[in-house]
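K.L.:
I'd like to ask you about the structure that follows.
The values are calculated or read from the model by the stated rules, or taken from the named source; none is laboratory data. Only a predicted model underlies this, so the values are computations on that prediction, with no experimental measurement involved. Don't worry about glycine lacking a Cβ; one is built from the backbone with ideal geometry, like all the others, and counts go over all protein chains shown. These area figures cover heavy atoms from the full protein model, side chains too; ligands, DNA and RNA do not enter into them. Shrake-Rupley method; radii C 1.70, N 1.55, O 1.52, S 1.80 Å.
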Amino acid sequence: MPSRKIIIAIDGPAGAGKSTIAKRLAARLNFLYIDTGAMYRAVGLWALRTNTALDDMHRLEQLALAAQIELTDGGTGVRLNGEDITGLIRTQELSDAASKVSAVPGVRRALVEKQREMGEVQSVVMEGRDIGTNVFPNAQVKIYLDASVEVRAGRRLRDLQAKGESSTLAKVCAEIRDRDERDSTRSEAPLRQAEDAAYIDSSDLSPEAVEEAVLKVYRDRTSNGKAHGGTLQ
Ligand code: DC
C-alpha cells in the first residue's frame, strides 16, 4: 500500500526559529523542506527590480502569476525565472517588500497554488505564516512557533551581521514589530495560530529542544510516524 504523504506545517512570526527547525526536521525525516517566505521574497525582489509600487495590486498579482520560482538545494536555494537569487533576498529591504506584497490577495492566491502543488508530490515540512490555517488546513502536524520580540530581534540581528549588514537591536526590534503587525492584521490569511496547532515558545529553548518538542507532536499525531510512512530514527 503506498504510504500517505505527510504535511508538517510550521507557522509563526519572523525570527521564531522556523527555518532552523523546519530544515532539521526535513533532514531527519527525509521530507522536502519548503520555505514559503522565500517565495514572497522572490516576488518582492521582482517588484523592486521592475519599480512596481508595492501597493499596485493588479501588477503585483501579474508578477506573482508569471514568476517561475524554484526552490533548490534541498529548499535552501531560490531561483527566480532561472536566476539564482538566494544571496539577494535576506536583506531588511526584502523582508519589508515581501511582507508588503504578501498582503495582496492575488499574490497569495498565485503562491498558495504553487505551494499546494509542491505538497502533493511528497511529504513536506513547510514553513510560513498561513500553512496550517490556509495552505494545508488538513495538515496532520501543525506547529505554531513563537518567541519574545527581543529574542527574535537578537537572532535576526546576528543573521544580518553574519552577512555583513549593519543594524542595531532597536532598529531590528522596530522592523520586526512592524512586520508582525502587518502580517497579522492583513485581511487575507493573516498570521495566526491554527486551532489545532501545538504552540511552542522557543525563547528559552535550544534548537535541539525545539526539535524534540516538534518530534513529540509529530509522533503523537502520526502514530509514531509509522502509519504514514515516515522514517523517524
Ligand atoms: O518567513 P519570511 O520572513 O521569509 O517571510 C517574509 C514575508 O513573507 C513575511 O513578512 C510575510 C510573508 N509570508 C506570508 O505572508 N505567508 C507565508 N506563508 C510566508 C511568508
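K.L.:
Scan the range 186-195 for residues that are open to solvent by 90 Å² or more (accessible area, probe 1.4 Å) and modelled with pLDDT of 95 or more and jot them down. Quick ask: steps written out before the conclusion?
P.N.:
Our first condition is that a residue be open to solvent by 90 Å² or more (accessible area, probe 1.4 Å); within the range 186-195, this holds for 187, 192, 195.
Matches in the range 186-195: Arg192, Glu195.
K.L.:
Small (Gly, Ala, Ser) and out of contact with any Phe, Trp or Tyr (no Cβ under 8 Å at 6 or more places or on another chain): does that describe Ala194?
P.N.:
Details: small (Gly, Ala, Ser): yes; out of contact with any Phe, Trp or Tyr (no Cβ under 8 Å at 6 or more places or on another chain): no.
The answer is no for Ala194.
K.L.:
Residues of the range 128-141 being within 7 Å of the ligand (Cβ to nearest atom), not β-branched (Val, Ile, Thr) and not in a loop (DSSP other than H, G, I, E, B), which ones?
P.N.:
Within the range 128-141, Gly128 is the sole residue that qualifies.
K.L.:
If you don't mind, there's one more thing I want to ask. Which of the numbered conditions does Val121 fail, given that it passes all the others? Conditions: (1) of a type in the set (Val, Ile, Thr); (2) open to solvent by less than 30 Å² (accessible area, probe 1.4 Å); (3) at pLDDT below 95.
P.N.:
With (1) of a type in the set (Val, Ile, Thr); (2) open to solvent by less than 30 Å² (accessible area, probe 1.4 Å); (3) at pLDDT below 95 applied to Val121, the lone miss is (2).
K.L.:
Any residue in the range 146-163 that is more than 10 Å from the ligand (Cβ to nearest atom), within 14 Å of Met39 (Cα to Cα) and in a strand (DSSP E or B)? Please lay out each step first, then the result.
P.N.:
Residues of the range 146-163 more than 10 Å from the ligand (Cβ to nearest atom): 146-155, 157-163.
Going one step further and asking which of them are within 14 Å of Met39 (Cα to Cα), we end up with none.
Scanning the range 146-163, I find no residue that is more than 10 Å from the ligand (Cβ to nearest atom), within 14 Å of Met39 (Cα to Cα) and in a strand (DSSP E or B), so the answer is no.
K.L.:
For residues that are more than 17 Å from Ser203 (Cα to Cα), in contact with a Lys or Arg (Cβ under 9 Å, 6 or more places away or on another chain) and either more than 12 Å from the ligand (Cβ to nearest atom) or of a type in the set (A, V, I, L, M, F, W, C) (or both), tally how many sit in the range 166-188.
P.N.:
Summing the residues that are more than 17 Å from Ser203 (Cα to Cα), in contact with a Lys or Arg (Cβ under 9 Å, 6 or more places away or on another chain) and either more than 12 Å from the ligand (Cβ to nearest atom) or of a type in the set (A, V, I, L, M, F, W, C) (or both) in the range 166-188 gives 1.
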